[in-house]
1. Do you know which of the residues in segment 11-35 that are in a helix (DSSP H, G or I) and touching a strand residue (DSSP E or B) at 6+ places or on another chain (Cβ under 6 Å) is surrounded by the most Cβ atoms within 10 Å (Cβ to Cβ)?
2. Filter the strands (runs of 3 or more DSSP E) completely within segment 89-135 down to those with at least 1 residues that are small (Gly, Ala, Ser).
3. Go through (1) of a type outside the set (Phe, Trp, Tyr); (2) touching a residue at least 60 places away in the same chain (Cβ under 8 Å); (3) touching a helix residue (DSSP H, G or I) at 6+ places or on another chain (Cβ under 6 Å) one by one and return the number of the condition VAL50 breaks.
4. In the set VAL7, VAL33, which member is over 23 Å from GLU118 (Cα atoms), under 15 Å from the mean Cα position of the chain (by Cα) and either modelled with pLDDT of 95 or more or aliphatic (A, V, I, L, M) (or both)?
5. Being modelled with pLDDT of 90 or more, surrounded by 13 or more Cβ atoms within 10 Å (Cβ to Cβ) and out of contact with any helix residue (DSSP H, G or I) (no Cβ under 6 Å at 6 or more places or on another chain) is the filter here, so list the residues in segment 68-95 that pass it.
6. Would you point out the residue of segment 36-47, among those that are touching a residue at least 60 places away in the same chain (Cβ under 8 Å) and of a type in the set (A, V, I, L, M, F, W, C), that is surrounded by the fewest Cβ atoms within 10 Å (Cβ to Cβ)?
Amino acid sequence: MLVEVKVKVARIIDAKTRKRTETFIVPDCELFVNAEHAVMSSLTSDGNTVEDYQIQSLKLSQIKEIADQFSGEHNYIATLKDIFHEDDGTEKAMKYKVLLWADNLTQANANVEQMTREGYDMQIEGIKQVDYEYLAEPINSEEEAENE
């Protein structure tokens, strides 16, 4: 399960404090507290220039898959649409969101088209650039507590 965590962060940039809201995607979390702990650990480690932070929200992400086979400087969310027919003949659509990386929108579109050719029988509804931070290796608070 992917958890989306929004955090209001005050970072020190060029000797000035700049506040902004950042979004983190944390994979494989069974509990929201694990996602919160992973984000807090990320913000307070690695010499980050974080002066202060406040968790604004935690929720299950609408992103259904992480396409980590692609690399790039920016991250994008692709919305794919699957159209199917019910037994009574009515047409239904299901949306499916995928987080992927690319250097630009053209490359992101090519990556999504490649995905659709490799087994996704879906239409591309849209692609947008997002400023999410993906925490690929969440910190398990139970394991950390055992190690202390």
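1. Residues of segment 11-35 that are in a helix (DSSP H, G or I), as a first pass: 32-35.
Restricting the remaining residues to those that are touching a strand residue (DSSP E or B) at 6+ places or on another chain (Cβ under 6 Å) gives 32, 35.
Numbers: PHE32: 15, ALA35: 28.
Restricting to residues being in a helix (DSSP H, G or I) and touching a strand residue (DSSP E or B) at 6+ places or on another chain (Cβ under 6 Å), the top hit is ALA35.
2. Numbers: elements: 91-102, 123-130, 132-134.
Answer list for segment 89-135: 91-102, 123-130.
3. Exception for VAL50: condition (2).
4. Values: VAL33 fails: under 15 Å from the mean Cα position of the chain (by Cα).
When all the criteria are applied, what remains is VAL7.
5. GLY72, HIS74, ASN75, ILE77, THR79, LEU80, LYS81, LYS95
6. ALA38
The values are calculated or read from the model by the stated rules, or taken from the named source; none is laboratory data. Keep in mind the model is a prediction, meaning the values are calculated, not measured. Note: ideal-geometry Cβ built from the backbone for every residue, glycine included; neighbour counts use all protein chains shown.
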